[in-house]
Amino acid sequence: MKRPGRWLKSQGPQLAGFPWLLGIGLLLAYVGVRILALPSDVAASPSFTHDSAYVGIVARNLLEGRGYVNDANWLLFLKPDSLPMYFHNANPLYPTLTAAVMPFAGLDAARAAAIVSILGSVLIGVGTFFLLRAFRPGYWLPTAGAAAAVLFPANWHISYALMPDALATGLVVCFLALVARARVGWHWWAAGAVLGLAWLTRSSSSLVVPPVALWMLWRRGMRGGVLGGVRIGIAALVVISPWLVHTARVRGSPFASDAGFYWLMDYHASRDGREQDQYYRSLDTPPTTGEVLRREGKEVVAFAAGGVGVTIRRAAAGLAMQSHFAAVLLVGAFIASALAVRRGGLGPETAFVVLLWVGTIAALAVRGPHAEPRYFSVGNTLLVCVLLAPFFVQLGARRRWLMAPAIAYALLVVVPQDVSTTRAMAGRDRSLEEFRASAVATASTMPAATSVISHLPYMFTYHTGRPAVSPPYPGRQDLLNVMAQYHAPVVLLPTDSVGYYYPGAPGSLAPDLRVAAQFGRFSLLRLHN
């Protein structure tokens, strides 16, 4: 294997002469513009999803001193005795930061979450800057690379989502930058602390560990790689340990989480002949991940193998933002990057990117058609760095054309797609407004200390503050049992979907339940004793 060129040798911290004030000014300007551009009603914008409402509920409860609890239950098979229930996600950092920002966002949880996502976008840029600068000293090229990572359409899209993906991606990229620049002991400790924060944001951040371990052994040697890895591991464990202690106290195990249920949801739904939605609403608690792998390991592997193709297609579609034209230009830019560096070889850096993508696809293959593009954000960011290769190597006059595909992609794809995303996210989602109006109207009819059955329980609770539960699967008696357990006298469902949730409804639910009101596209069914 040829020795990598100088542009790929990690250079370590080199800060002299860096125009810090300009860099900080650019970051502050970016954050300011993004915050000013937020819609006046973030909870009515397309960026607000059901999971966003979950984050908002928990953040609001934290700010009110109620702790990590949720007043709504979507995963019925978790079967809490009452509401509010425990925070059943393994990763508390995003709602925690949202709660911390809320006092500066008018106590608006959705707006606060949007600001946290913007800060995550900043971390993507900062991490990419220092990652590239570890291999190429200077200022302008790493700055351009950081801007490219932030503006890359897939990353630009997640920076609008009220979800932890932008924050998790930014923290992981910062972790990679710290590892690449590490020279003395405290660098490794800092890298481990950032990795711990990334895990507290999204569990899938741990997918970066195997390729990082390989890179460290390759670049640092056995002694340096192992010693650095131990320091990283200890620091990460220290950072996440308070949450592990909390989870053990609340749920009986430090690693209790709903992540395993999500990971195997397609497998369980397929095996039982259900739709994914019915899996979530079932009252039958699935076995733990460990139990499934011990008893049905071969079946899970076979199911995952069958999902590799669709997972790759979904990753590629997300990378190109569903555009065939963008995909063609991306392929051309990747070919140009490969030609630009083919003489020097990429060595451990190539191995790192390949192993990360292989590991991510392997881990998500069991999700198949439900492997969302946002799950590949770290890999996408590293591919942006790959696209920049023609600008980071010395090209002769005859080879400078290799820069053209990336420039064409930036002008013909990045700009239009980012403008389209910005316009879309600044708009209003009429369906969200209609549901909010129906939820508020329903809450006004509910007696005190009661809850509601709703197909969007997180959103109902977010907008009204009243407890909410998903409509249970499969039938009428399950619905009546859940209504009795959670003191829910009413059911709010889309009128055109009542029959989906309970075939033959509303007639099949009589005489116990009858339509009591109509709020726009939603029917309110009330319990009659």
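The values are calculated or read from the model by the stated rules, or taken from the named source; none is laboratory data. This one's a predicted model, so the numbers in the text were calculated from it and none came from an experiment. Here the Cβ is made from the backbone with ideal geometry for all residues, glycine too, and neighbour counts use every protein chain on show.
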* Any residue in the stretch 226-243 that is among the small types (Gly, Ala, Ser), at pLDDT 95 or above, part of a helix (DSSP H, G or I) and over 28 Å from residue 68 (Cα atoms)? -> yes
* Asked: Which one of these does residue 285 not meet: (1) more than 23 Å from residue 473 (Cβ to Cβ); (2) touching a Lys or Arg at 6+ places or on another chain (Cβ under 7 Å)?
  -> (1)
* polar (S, T, N, Q) and within 19 Å of residue 251 (Cα to Cα) - does that describe any residue in the stretch 64-74? -> yes
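Based on what the data block shows, is residue 67 part of a loop (DSSP other than H, G, I, E, B), on the phi > 0 side of the Ramachandran plot and at pLDDT below 95?
Numbers: part of a loop (DSSP other than H, G, I, E, B): yes; on the phi > 0 side of the Ramachandran plot: yes; at pLDDT below 95: no.
For residue 67, the condition - part of a loop (DSSP other than H, G, I, E, B), on the phi > 0 side of the Ramachandran plot and at pLDDT below 95 - is not met.
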* Asked: Which fully enclosed helices (runs of 4 or more DSSP H) of the stretch 110-200 have 2 or more residues being at pLDDT below 95 and of a type outside the set (Ser, Thr, Tyr)?
  -> 140-151
* List the number of the failed condition for residue 396; all other conditions in (1) free of Cβ contacts under 8 Å to residues at least 40 places away in the same chain; (2) closer than 21 Å to residue 210 by Cα hold. => (2)
